[in-house]
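Written below as structure tokens is the structure these notes are about.
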Amino acid sequence: VHLQPWVLIADEDLDFAHSFQESLAAWGVSAVLAKTAPEADAVVRHNPSLSLAFVDSQIQATGGFAVMQQLRRVDPNLTVILMSAGGTLATALEATKRGAADYLLKPFDLEAMAERVSRFQGLSQAGSEDSEATAVTGPIRRLEDFIYCSPAMRGVLEGARKAAPSEVSLL
């Protein structure tokens, strides 16, 4: 049985991309690779089953931001996660402001990420049958997108709002 690819990995580092693809396959998630921005564009255009794209921020001369924006023009529902071997909090904030669902620093634990993607895929597929679930599992772009009723969570989000302007990494 040939599974339609669900994840795009757009990265010039094919060793990393192949390792990530193998980790995803071990969790039952089919992924397709693209080494350049035009390849990534073509993959998204020809694979309507894609829901998630991991894009290296340094891909080709155009860079990850431009690739992300192009892919989102082709498929506005595509969730894009930017990856980088280096970066700052300012870069991560800029990525999310421009529409990235997340910004990951490489190297990250491929197996743990593959497990998260597998769970996300399960939620997304279950959500496609239930529009309310789809709304709940969509990407969170602003603090206002969180759904909660607990006073403790209200405190956590207020702390995040206060810390957001800082250039310091916080835990």
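Data for the structure
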read-out	value
Shape category assigned to region 1-118 from the gyration tensor of Cα positions, a/c cut at 1.5	oblate
Distance between region 82-117 and region 16-42 - C-alpha centres, whole angstrom	16 Å
Solvent exposure of region 1-119 as accessible area per residue, Å², 1.4 Å probe	49 Å²
Long-range amide H partners of residue 52 with built H, under 5 Å	8, 79
Mean Cβ neighbour count within 10 Å, used as a protection proxy, ranking 152-159, 114-121, 13-20, 49-56 highest first	49-56, 114-121, 13-20, 152-159
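The values are calculated or read from the model by the stated rules, or taken from the named source; none is laboratory data. These numbers come from a predicted model, not from an experiment. Don't worry about glycine lacking a Cβ; one is built from the backbone with ideal geometry, like all the others, and counts go over all protein chains shown. Remember, those area values only see protein heavy atoms, side chains included, never the ligands or the DNA or RNA. Shrake-Rupley method; radii C 1.70, N 1.55, O 1.52, S 1.80 Å.
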